[in-house]
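Report on the structure given below.
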Amino acid sequence: ARFHGNPRSGRWELLGPRPPLAAMFADGTAPGADVESLWRSARSARCEAKSCQTGKISTAETAVQSHTSRDAGVQTDQSKDAVQDFQQEVQVDYASLLSFLQRVEDAVIKELNKNWKSRAFDGFEVNWTDQNETVLCLHTLSYPEAQDQNLQVTSVSWNATGSVVACSYGRLDGGDWSTEKSYVCTWNLDRRGLNPQRPDLVVDVPSSVMCLAFHPSQPSLVAGGLFSGELVVWDTSRTEDPVIWRTGMTDDTHTDPVYQVNWLPDAKHRNHARLLSVSTDGKILVWREERDGRLALAEGFAMVAQQIPRSAQLKKFARGEAAVGVTSLSFSHFDPRVFVVGVEGGYSLKCSTAAETLALHRTGSSVPLRAPAELAFSPHGGPVYSVSCSPFHRQVLNLFLSCGTDGQVHLHSMLQTQALVSLQLSKKYLFCVRWSPVRPLVFAAASGEGNCNQRFCSIGDVHLVDFEKSSRKPAVSIKQAAGERPVYCLEFNIKQTRLLAAGDATGTVKVWQLSSDFTEQGPREMNHLEQLASEIMD
């Protein structure tokens with residue numbers, strides 16, 4: 001049988017058996033037949049829509065994905081009732097107020113004038129911060145390799161920004177250490193990740209470094225004096241070859257160890273500075289920078305016993321042309337020509353760079369040396385190791401401090417030979433004394449050990465003295481070094497005035513943070529210092 005139809009419409013016709021070819025084109029009809037299509041109903045059941053070329057899109061609703069919350073104040077306007085209530089509360093009876101002020105005016109003015117003339121609160125200073133009477137150790141710095149060689153910290157210095165502290169390693173306990181290797185180390189205290197036993201810079205030096213001084217305005221330059229008598233200037237920003245100037249060993253070089261170096265402004269060249277060095281060979285030399293990396297001698301002075309002024313109240317120096325060994329020096333803050341030196345003979349001497357008298361000292365120096373001494377002050381019981389001029393007092397008094405092997409600190413005025421105050425701080429040596437840069441009545445001293453006796457008790461090696469509290473004993477004594485190992489050097493930080501660095505014989509530098517008692521100046525403190533000195537002089 002044959003069928004004919006359209007599968008999409010579902011209609012089919014039965015055509016019957018194929019006729020013989022002869023009767024193939026004869027006319028004939030047959031009844032129709034319907035066949036039901038299941039394709040459309042199956043597609044409808046599956047919800048298919050052929051007009052859409054994608055599958056069903058899935059959707060879902062979820063909670064808010066924020067994990068934080070925040071409270072905010074309601075920004076509502078004030079109601080009219082509240083405004084009215086507030087206005088009613090601040091109403092003032094100006095007529096009554098004026099009448100009251102007129103009645104009390106004379107009495108108030110009288111009391112104000114009385115308070116103005118009163119001296120009841122002289123010396124009182126309002127301090128809104130909490131007072132802290134303790135002294136804290138912020139950092140304990142060291143270089144293990146230097147400690148392994150039993151080297152001592154001979155000097156400390158702060159750079160111009162107050163953020164970097166440097167120390168020199170050497171020996172101060174005698175012996176010929178000129179051929180022993182030593183170091184200069186620096187630490188930046190503001191640097192993150194500070195390692196107290198790993199300096200930021202270590203400079204190897206073939207001879208013991210006896211003293212250091214950072215440049216006053218160029219933070220990376222530091223000068224050092226060596227046991228060999230040489231001077232060297234290092235640029236700490238150059239890690240490969242930091243040496244930029246040196247004296248070398250010439251006829252002008254010191255023949256004894258250099259115990260102090262100072263930077264001096266150059267009057268002829270504002271952008272340059274000169275170096276001053278002092279030594280126990282009796283010479284005070286001033287050096288200028290040369291382009292070839294040399295330090296050349298510009299001028300110099302020599303301390304000769306025969307040319308030191310004598311006083312009837314003082315012991316005589318040795319006769320003749322013997323050199324007087326210089327151990328320390330400090331310039332006046334009011335007259336750049338005036339300076340004070342401490343010498344091995346136990347004296348402090350007032351000197352002047354304007355001196356014209358030639359020194360009797362016979363040397364092979366390339367420039368003539370002059371005799372600078374003008375006045376000798378009452379001596380200590382042994383060599384003077386340190387002097388420090390006051391940065392505060394008026395020029396009338398010219399006060400300075402000195403200390404030495406007798407364990408005493410002397411307060412002097414340059415106007416008289418006798419000491420104004422003698423303060424016994426230790427039974428052993430005092431190696432260093434420094435006047436506070438912010439407190440006219442405060443100074444610090446470094447000693448060999450702590451002792452107690454009937455007059456005072458000092459339990460440590462760094463002594464802080466406050467004349468406002470006592471002129472007979474320290475306000476605070478700090479134990480720094482273990483056992484009886486001395487503290488050789490200390491320096492205040494003039495930029496970060498609460499910091500004090502001290503170096504000792506164990507090879508350690510400790511940075512102390514001072515309390516407000518030692519760093520905040522009273523309103524009449526300078527007057528109190530002058531009054532103290534004047535009373536003693538009278």
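What does the charge add up to near S386, with Lys and Arg as +1, Asp and Glu as -1, over the other residues with Cβ less than 12 Å from its Cβ? Walk me through the numbers on the way to the answer.
Details: positive: R434; negative: E491.
Local charge sum for S386: 0.
Please list, ordered by chain and number, the residues whose modelled amide H lies under 5 Å from the amide H of S155; skip anything fewer than 5 residues away on the same chain.
Residues meeting the criterion, in which the H sits 1.01 Å from N, are S168.
Once neighbouring chains are kept in place and the probe is 1.4 Å, which whole percent of the accessible area of the range 138-535 is contributed by carbon and sulfur? Spell out each step's value before the answer.
Details: 7480 of 16280 Å².
Summing carbon and sulfur atoms, their accessible area is 46 percent of the total for the range 138-535.
What relative contact order, as a whole-number percentage, does the range 138-535 give when Cα pairs under 8 Å and 6 or more residues apart are counted?
On the way: 1135 pairs, mean separation 47.9, N = 398.
After rounding, I find 12 percent.
Under the Karplus relation 6.51 cos²θ - 1.76 cosθ + 1.60, θ = phi - 60°, what is the ordered set of whole-Hz ³J(HN,Hα) values for the range 192-206, x standing for Gly and Pro?
For the range 192-206, the Karplus curve yields 5, x, 4, 10, x, 9, 9, x, 5, 9, 10, 10, 7, 10, x Hz.
When the chain is fully extended, how far beyond the present Cα-Cα distance does V243 get from L415, taking 0.36 nm per residue of separation?
Working: separation 172, 0.36 × 172 = 61.92 nm, distance 4.24 nm.
In short, 57.7 nm is gained.
Can you compute 3J(HN,Hα) from phi for each residue in the range 509-525, using the Karplus curve 6.51 cos²θ - 1.76 cosθ + 1.60 with θ = phi - 60°, rounded to whole Hz and x for Gly and Pro?
So the J values, rounded to whole Hz, are 10, 10, 9, 9, 9, 7, 6, 4, 4, 9, 10, 10, 7, x, x, 10, 5.
Using the crude model of +1 on Lys and Arg Cβ and -1 on Asp and Glu Cβ, and no other charge, please compute the dipole size for the range 150-215 relative to its Cα centre, in debye to 20.
Numbers: 5 positive and 6 negative charges, 51 e Å.
Using Cβ point charges on Lys, Arg, Asp and Glu, the range 150-215 gives about 240 debye.
A296 to A120: FRET efficiency via 1/(1 + (r/R0)^6), r the Cβ-Cβ distance, R0 60 Å, to the nearest 0.05?
On the way: r = 62 Å, r/R0 = 1.03.
Given R0 = 60 Å and the Cβ-Cβ separation, E is 0.45.
Could you give the length gained on full extension between Q147 and L98, defined as 0.36 nm per residue of separation minus the Cα-Cα distance, in nm? Intermediate results must be reported in sequence, preceding the final value.
Details: separation 49, 0.36 × 49 = 17.64 nm, distance 7.84 nm.
9.8 nm is the gain from fully extending Q147 to L98.
So for the range 138-535, taking the charge dipole from beta-carbon charges (+1 Lys/Arg, -1 Asp/Glu), which of S163, S471, S426 sits furthest toward the positive end?
Positive-most Cα among the choices belongs to S471.
To the nearest 0.05, what FRET efficiency results for T134 and K181 with a Förster distance of 41 Å applied to their C-beta separation? Present the calculation step by step, with values, prior to reporting the outcome.
Details: r = 39 Å, r/R0 = 0.95.
Taking R0 as 41 Å, the efficiency between T134 and K181 is 0.60.
What nm distance separates the two modelled labels at S534 and L360, each placed 7 Å from Cα along Cα→Cβ?
Between S534 and L360, the simple spin-label model gives 4.2 nm.
If packing is taken as the mean number of other Cβ atoms within 10 Å per residue, what is the order of 273-279, 374-380, highest first?
Values: 273-279: 23.9, 374-380: 20.6.
Result, highest mean first: 273-279, 374-380.
Taking the Cβ of V104 as the center, what net charge do the other residues with Cβ under 11 Å away carry, scoring Lys and Arg +1 and Asp and Glu -1? Each step should come with its number before you reach the end.
Values: positive: R103, K110; negative: E105, D106, E111.
In short, -1.
If you count, for each residue, the other Cβ atoms within 10 Å and average over each peptide, how do 432-443, 138-149 line up from highest to lowest? Before the final figure, lay out each step's value.
Numbers: 432-443: 22.3, 138-149: 16.6.
The densest-packed peptide leads the list: 432-443, 138-149.
Need one word for the range 395-441: rounded, prolate or oblate. Basis is the Cα gyration tensor (sqrt eigenvalues a ≥ b ≥ c); a/c below 1.5 gives rounded, then a/b vs b/c decides.
Working: a/c = 2.59, a/b = 1.42, b/c = 1.82.
The shape class here is oblate.
Using 0.36 nm per residue, how much length does the chain from I109 to S470 gain when fully extended, once their Cα-Cα distance is taken away?
Details: separation 361, 0.36 × 361 = 129.96 nm, distance 3.92 nm.
Extra length available between I109 and S470 comes to 126.0 nm.
Roughly how many whole Å is it from the C-alpha centroid of the range 324-342 to that of the range 187-241?
With the range 324-342 and the range 187-241 each reduced to a Cα centre, they are spaced 24 Å.
Which entries of K427/K473; K427/K469; K283/K350 show an alpha-carbon separation above 19 angstrom in the structure shown? Don't skip to the end; give the middle numbers.
On the way: K427/K473 13 Å; K427/K469 22 Å; K283/K350 15 Å.
Checking Cα-Cα distances, K427/K469 exceed 19 Å.
Quick check: pseudo-label points 7 Å beyond the Cα along Cα→Cβ at D251 and Q496, how many nm apart are they?
Between D251 and Q496, the simple spin-label model gives 4.8 nm.
Label D335 and R198 with points 7 Å out from Cα along Cα→Cβ: what is the distance between them in nm?
In this crude spin-label approximation the distance works out to 5.3 nm.
Which residues' amide hydrogens lie under 5 Å from the amide hydrogen of C489, considering only partners 5 or more residues apart or on another chain, with H built in the peptide plane?
Answer set, sorted by chain and number: G503.
Given the alpha-carbon gyration tensor of the range 138-535, what are the semi-axes of its equivalent ellipsoid in whole angstrom, ordered largest first, with each equal to the square root of 5 times an eigenvalue? Each step should come with its number before you reach the end.
Details: eigenvalues 163, 155, 79 Å².
Output for the range 138-535: semi-axes of 29, 28, 20 Å.
The values are calculated or read from the model by the stated rules, or taken from the named source; none is laboratory data. Everything numeric here is computed off the predicted structure, so don't read it as measured data. Glycine gets a Cβ as well: all are built from the backbone with ideal geometry, and neighbour counts include every protein chain shown. For accessibility, only protein heavy atoms count, side chains too; no ligands or nucleic acids. Shrake-Rupley method; radii C 1.70, N 1.55, O 1.52, S 1.80 Å.
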